[in-house]
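Here is the structure we will look at.
Throughout, read-outs are computed from the coordinates displayed, never taken from laboratory work. Just so it is clear, the structure is predicted and the values come from calculations on it, not from any experiment. In this analysis, Cβ positions are derived from the backbone assuming ideal geometry, glycine residues included, and neighbour counts consider all displayed protein chains.
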Amino acid sequence: MTKHSIHEQKAKPSYPRIHLMAAAACSAVMILALTLLPSPDATATKTVRLKTNIAPQEPLVELAEELVEEQLAEAPAEPIATYQWQDEKVRNGDTLSHIFKRVGLNSKDVYDVMSGDGDVALLKKIHPGQTMRFAIEEQQLVALEYVMSRTDSLLIEREGDHYSADMQIKELVPYTSYAEGTIDSSLFLAAQKAGLSEGMTMELANIFGWDVDFVLDIRQGDSFRVIYQEMHLDGEKVKDGEILAAQFTNQGETFTAIRYESADRGASYFTPEGDSMRKAFLRSPISFARISSHFNLSRKHPVLHTIRAHKGTDYAASRGTPIKATGDGKVIFAGVKGGYGKVVILQHGQKYRTLYAHMNNYAKGVRSGARVRQGQTIGYVGSTGLATGPHLHYEFYVNGAVRNPVTVKLPHAEPIPKQDKDAFLAIAQQMVGQLSTYAAAMESEKVANLGQ
Ligand SMILES: [Zn+2]
């Protein structure tokens, strides 16, 4: 491809997003990119390095074009075809012998290959639809490639008088992109319009789901900005990568999330100040459940018909619906307790306690003293104890005082670890800067398109 054609291609107006090549101006991203690349001198690594040197105020769209050219100029030539391949699809009921026979080989060849060095045993796992490629010279099998997936294949070559197998793994290359959108009716529609995949949209909703209820809180005019990665193979997107940074503005309030990967705790999202985007507690122990009775300290009891405080929130759900621990903690009680029926009580550190009542039964391993993780199923919805029908009764205690689980201010999960704080703040600052720069670039592109 010539430089000219690239410019023509790029000059088409009204892109819903700027597709930047590895526009990763932060060290965490660079580390990520490096770990995904086959060798430190691979082309994309260079692109990442180049990009890191770009000052944030430079026009990114043009720079991206230059990088495209550079990348193409430096792209390694297609591997030289040393073999004349003959492709054979694995059919239903095929054995290696069947396939070998179709290309003119015999059972001795199968035997010779299967007694070769390396992972030849993988050939026993062939299944319909896969491809086997044969290179045969003068009735002699010189090479065989078993294509296992888009990225993995087994190459078996004849070396002297025997065969030797080698795994060939193509590395996915992360490309960084930016997308933004304004919500008209739903996040999914706006995200689709901006070019985000469904999975990416779900991830976006997950990141902000602790602060924004994407069913109830969304308003027309809410907006988002995302810097994310796509994993490419041979210049084509194979799958989604990670969201590196994102902003969501809901009813005038803007939330910003920055991805950070620490050596010991894996990847997580934090506010630019280093607080976790996650809360230490899920708002509700059942996803998408309807509240059938609110917290009310002067309510008439539906069964006893007396004024009796309703110390929790009731969630209507069918019998057997899984109930999740809302936070990491320890089971301090799992058993029958009067009107609560089968109940589980969790202690979360010194300060917090949660209670789950009327269970049909407990989840496996949930007994006094057991540790549970946030989101882990601890039991199933039922109607044991004083209950008119199947529902979960959920109570939330702070320092021993009962609180409304729906409105109680939930503490953030663990912030960025102390030893990572400085590194994180530097990345966060860069990412926040990039979000603004990309948004400005999009804006000027829109203006330029209007002028055409
Ligand atoms: Zn209740």
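One table, with the values for the structure above:
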{"quantity": "Segment residue 152-residue 261, length gained on full extension (0.36 nm per residue, minus Cα span)", "calculated": "36.6 nm"}
{"quantity": "Listed residue pairs exceeding 18 Å between alpha carbons, taken from 330/351; 279/342; 324/364; 101/124", "calculated": "279/342"}
{"quantity": "Estimated FRET transfer efficiency when R0 is 30 angstrom, pair residue 139-residue 236 (beta carbons, to 0.05)", "calculated": "0.25"}
{"quantity": "Residue 213-residue 169 FRET efficiency (beta carbon distance; Förster radius 51 Å; 0.05 resolution)", "calculated": "0.75"}
{"quantity": "Under the Karplus curve 6.51 cos²θ - 1.76 cosθ + 1.60, θ = phi - 60°, whole-Hz ³J(HN,Hα) for the stretch 397-412, x wherever Gly or Pro sits", "calculated": "10, 10, 6, x, 9, 6, 10, 6, x, 7, 10, 4, 6, 8, x, 5"}
{"quantity": "Length released on extending from residue 287 to residue 114, taking residue separation times 0.36 nm less the Cα-Cα span", "calculated": "57.1 nm"}
{"quantity": "Placed amide H near residue 238: partners under 5 Å, 5+ positions off or other chain", "calculated": "231, 232, 233"}
{"quantity": "85, 210 arranged by Cβ crowding within 10 Å, fewest neighbours leading", "calculated": "85, 210"}
{"quantity": "For residue 292, residues with placed amide H under 5 Å, excluding near neighbours", "calculated": "314, 315, 316"}
{"quantity": "Largest-first principal axis extents of the Cα set of the stretch 290-403 (Å)", "calculated": "37, 31, 25"}
{"quantity": "Under 13 Å, Cβ to Cβ, from residue 286 - net charge with Lys/Arg +1 and Asp/Glu -1", "calculated": "+3"}
{"quantity": "The stretch 334-358 residues near the modelled residue 371 label - backbone nitrogen below 18 Å, point 7 Å along Cα→Cβ", "calculated": "346-352"}
{"quantity": "At most 15 other Cβ within 10 Å, DSSP loop - chymotrypsin sites (Phe, Trp or Tyr not before Pro), the stretch 362-401", "calculated": "none"}
{"quantity": "Nitroxide proxy distance, nm - points 7 Å out along Cα→Cβ at residue 95 and residue 309", "calculated": "7.5"}
{"quantity": "Karplus (6.51, -1.76, 1.60) ³J(HN,Hα), θ = phi - 60°, over the stretch 359-369, in Hz, Gly and Pro reported as x", "calculated": "4, 6, 7, 8, 6, 4, x, 8, 8, 3, x"}
